[in-house]
Structure formats: C-alpha cells, structure tokens
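Peer 1: The following block contains the structure, expressed as structure tokens.
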Amino acid sequence: MKSTEEAKISAALILKDGEVFVAKGFGAQKIITGEIVFNTGMTGYQEVLTDPSYVGQIITFSFPHIGNVGINDQDNQDKKINASGLIVRNLPTNASNWRAAQDLNVWLEKNNVTGIACIDTRWLVKKIRKTHGGLYGLIAYDENGLDIQALKKKAAEIEIMEGQDLAAQVTANKNQELGNNPSLKVAVIDYGIKQGIIDNLVNVGCQIKVFPANVPVSEIKKFAPDGIFLSNGPGDPEATGKYSVPFIKEALKEGWPIFGICLGHQMLALALGAKTIKMKIGHRGENHPIKDLKTSKVYISSQNHGFCVDADSLPDDVQITHVSLFDGTIEGLKSNKYPAFSVQYHPEASPGPHDCRIHFLEFVELMKNAKKK
C-alpha cells in the first residue's frame, strides 16, 4: 500500500544501497534496472543511446542539455535504443535542429525506454567515480505514483555486470553482406557492432559479411576472408570469451589478419593469453586522450568500456601499443606472433573525433601484406 507521500512521487532514482532521489520522468512509464554509468560527451546522445555496447546500463549524461537537437534518421548505430534508460539534469526541450525528425521524449516512448530528469548529475557522477567496480540501481516512472519500499527491495536484488554475457543479446541473427570488393573480404564477428564501424570498413574498400558471435570457424572458411574483424559489444569479456576465445585461437592459427575493437580488443587479449578486469571507473565519452607508444603522438578518442586488459597478465609476445593518459590503462595491443592487433577505444567515433580512423587503413594494409606472402 502506497503512503500518501509516496503516491505523489511519479519518478525516482533508487540505488542498490537504498538511496532514493525524487525526479521527473519522461519517455516510457516503467521500471528499469541496471548498472548506472556516466558519459561525458557534449554531443551524440542519439549514437550513444543506440550503441549496443550500452545494453544493461542506465546512462547518466554529465552534459546538461540532452535532447535539444532532437532525433534524426541518420545517426542511429543500431535499429533500436540499446541503453536500458537515461538520467539527465534538465527535462528535454523541444527539438531545434534542421535534421530533427522527432523529439527525444517521443522517440523514447516509441522504443519503450524510460528517462528521468531533475537529478543532480554532477553529484551522481562523483558517486559513480567513488564506487569501486560499478554503481547499480533502478529508475522508475509512473504518473500514478511509485511504491518506494517495493522498489528499494527490487534495487537491492540487481545483478552486477561481472559474469554476464550480454553480447549474445545483441549479436546478428542473420548474415549481412556489404561492399563490392571481392579482393578484400572481411568476416565481421558481431558482438554488438555499431553502424559506424560497418560504414568505415566499407569506406576503406572492404567487402564484409557479418557473422553472429558464436559462429564456428568452419562457417568463416566457407566465406574465405582475407581478414577477421572483432567488434565492440557489451558485458563481461570473460563470460563472452567462453565461446569466442576458442574461435579466435583457431582463427589465429589459420593465419588470418585480425583487428579487434573494444570488446573485440578484450576478446583478442584473452585469446592471446591475457586476462581482463572490471575497472573502478569505466571510460565513456568522446574526449579521452590516448598515447601511441611507437610515435609518442596523442590522439583524442571516443570510448565506452567498463572492463580492461590486465597489464600484469600480458604474455611476452604481446606488446602494448597505446595507453590511456587518464589512468594508464591499456588502449591498444599487438601480437608479435600473429598478424593481429586491437584497440580499446572506438576509432570510428560515432560520435566523437576522427583522429583514430587510421586503424581501418592499418587493417587494410595488414590484409594486403598477408595476401602477398
């Protein structure tokens, strides 16, 4: 039975530790649970919300003006919103942009996704940063009022991210082929791939075929690729690695050039003998500086990950190529034994700067060199 005071509350953020914050709701009226993360980007909320890597996560946007340019028909990274929900400082205003096809609120309702506003997001970001291994909770929105005590119990039972194989929820359910260059064929393993990555592979002259995350090597051989691409994706890499690591180990022995991004980077590291760990503070935003250890150049990158490769676990035949200038974590790897490399950040951006798109060209050169041998 709701108390008179609770019945007045139509939206709230409730953390796993029991803290309650009254809010204002928009989008779909429902209850959303998950890991609460923050993104520091000032633009690109549409790309962020549709990124499959955000499955199971409620995004706190640290920039206060979210929704002001609306939603367009060009920037989606997937066919649907993949983030579980969102938390913003201000209620979204009406869209004001020539590309806008609809308002953020309408888009959320159509996709059955909840948002809450009027939360002190700067305070929430600080709390996330102080919480070792992740902050968990729920957001709820119901104009008829909320049962806060029942929601506290629900929040206390939320599962943590470790051990969850979320890539299986977003991987391709059918093979997709794009591009028209049969002389440079790439088998794309989809752990939750973004449209921006597909576009970049095609733009550098690759003919690609997208395969599901649990594809066997025998299926890849039928396609006869010149290289294998390991995509970004959500969840605990060691959980996904139960089926992907044996595949990658076999692919390495076949001699195919391999390029991995984000979760794909972590999958490659596991296959090469390293370990992954949950980060105290994940990297999510479009302004992350990374250093190329070979050239000493610094690039600004777009990132979204809560796990990283454990530097102490690297085998001797794997070298670190890039590091984060925020916390020194590994941002790039290269095998000295196989034609394989990977980066933790998103070189295609979508959204973000284009500093790191050169990696797609590096992959092309790696495949061309392999064909000459």
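Peer 1: Looking only at strands (runs of 3 or more DSSP E) that fall completely inside the stretch 212-294, which ones have 3 or more residues that are in contact with a helix residue (DSSP H, G or I) (Cβ under 9 Å, 6 or more places away or on another chain) and β-branched (Val, Ile, Thr)?
Peer 2: Because the criterion is at least 3 residues that are in contact with a helix residue (DSSP H, G or I) (Cβ under 9 Å, 6 or more places away or on another chain) and β-branched (Val, Ile, Thr), the strands (runs of 3 or more DSSP E) in the stretch 212-294 that meet it are 276-292.
Conditions (1) acidic (Asp, Glu); (2) under 23 Å from Gly56 (Cα atoms); (3) exposed (fewer than 15 other Cβ atoms within 10 Å of the Cβ); (4) in the same structural domain as Ala187 (by TED's automatic domain parsing), marked per residue:
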| position | (1), (2), (3), (4) |
| --- | --- |
| Lys253 | no, no, yes, yes |
| Ala271 | no, no, no, yes |
| Gly306 | no, yes, no, yes |
| Val309 | no, yes, no, yes |
| Asp316 | yes, no, yes, yes |
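Peer 1: When you go through Gly85, Gly67 one by one, which is the residue that is buried (at least 23 other Cβ atoms within 10 Å of the Cβ) and either modelled with pLDDT under 95 or in contact with a helix residue (DSSP H, G or I) (Cβ under 6 Å, 6 or more places away or on another chain) (or both)? Even if it seems obvious, please write down each step before you answer.
Peer 2: Details: Gly85 fails: either modelled with pLDDT under 95 or in contact with a helix residue (DSSP H, G or I) (Cβ under 6 Å, 6 or more places away or on another chain) (or both).
Just a single option satisfies the conditions, and that option is Gly67.
Peer 1: Another question, then. For the stretch 129-186, how many residues are assigned to a strand (DSSP E or B) and either buried (at least 16 other Cβ atoms within 10 Å of the Cβ) or free of Cβ contacts under 8 Å to residues at least 12 places away in the same chain (or both)?
Peer 2: Adding up the residues that qualify gives 9.
Peer 1: Another question, if that's okay. Could you give me the residue pairs with C-beta distances under 8 Å whose first residue belongs to the stretch 337-352 and is farther than 22 Å from Pro234 by Cβ and free of Cβ contacts under 8 Å to residues at least 24 places away in the same chain, whose second residue is polar (S, T, N, Q) and surrounded by fewer than 22 Cβ atoms within 10 Å (Cβ to Cβ) wherever it lies, and which are 6+ apart or on separate chains?
Peer 2: none
Peer 1: Before we move on, is Gly192 surrounded by 15 or more Cβ atoms within 10 Å (Cβ to Cβ), at positive phi and either outside any loop (DSSP other than H, G, I, E, B) or not assigned by TED's automatic domain parsing to the domain that holds Ile36 (or both)?
Peer 2: yes
The values are calculated or read from the model by the stated rules, or taken from the named source; none is laboratory data. Note that the structure is predicted; figures quoted are calculated from it, not measured. Counting neighbours? That spans all protein chains shown, and the Cβs are built from the backbone with ideal geometry, glycine included.
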